[in-house]
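Worksheet: the structure to be examined is printed underneath.
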């Protein structure tokens, strides 16, 4: 099992720069940054960084996501999602940990696994006499 690496210190292994366009399926094993236009499916157990100039439409299924650009679709992240200004997101997010900065625009649905029991606690059992 890989030792967790702080996002700020990790090396980006692939980069789709501003002005680039890509459509299809992307899978990766180490940190990737997207700043261009992407349409399709993205899957990884590692971290995806989406820059301010990025425009992504489709589905993202990753370990962690840091998003500052435009996204439309479905996001599933196994560890965390961080939406940084000026991000604009339309769609659904499923993650156990979510951080949304001020001035981020989000329209959609959020599902946080494990929060169901916290939202609906079981009533206390009455003791029989």
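Do we have any residue at all in segment 87-95 that's under 24 Å from residue 114 (Cα atoms), in a loop (DSSP other than H, G, I, E, B) and modelled with pLDDT of 95 or more?
Taking segment 87-95 first, the residues under 24 Å from residue 114 (Cα atoms) are 89-95.
Imposing the further condition that a residue be in a loop (DSSP other than H, G, I, E, B) reduces the set to 95.
Applying the additional criterion that residues be modelled with pLDDT of 95 or more yields 95.
For segment 87-95, residues under 24 Å from residue 114 (Cα atoms), in a loop (DSSP other than H, G, I, E, B) and modelled with pLDDT of 95 or more: present.
Would you pick out the residues in segment 64-78 that are under 12 Å from residue 44 (Cα atoms) and over 8 Å from the mean Cα position of the chain (by Cα)?
78, the sole residue that qualifies.
List the pairs whose first member sits in segment 59-73 and is on the phi < 0 side of the Ramachandran plot, whose second member is crowded, with 20+ Cβ neighbours inside 10 Å and part of a loop (DSSP other than H, G, I, E, B), and whose Cβ atoms are under 7 Å apart, counting only residues at least 6 apart or on separate chains?
67/87; 68/87; 69/54; 69/87; 70/54
Outside any loop (DSSP other than H, G, I, E, B), buried (at least 18 other Cβ atoms within 10 Å of the Cβ) and at pLDDT 95 or above: does that describe residue 82? Write out each step before concluding.
Numbers: outside any loop (DSSP other than H, G, I, E, B): yes; buried (at least 18 other Cβ atoms within 10 Å of the Cβ): yes; at pLDDT 95 or above: yes.
Yes, satisfied.
The values are calculated or read from the model by the stated rules, or taken from the named source; none is laboratory data. As the structure is a computational prediction, the values presented were derived from the model and not from experiment. We place every Cβ from the backbone using ideal geometry, glycine too, and count neighbours over all the protein chains shown.
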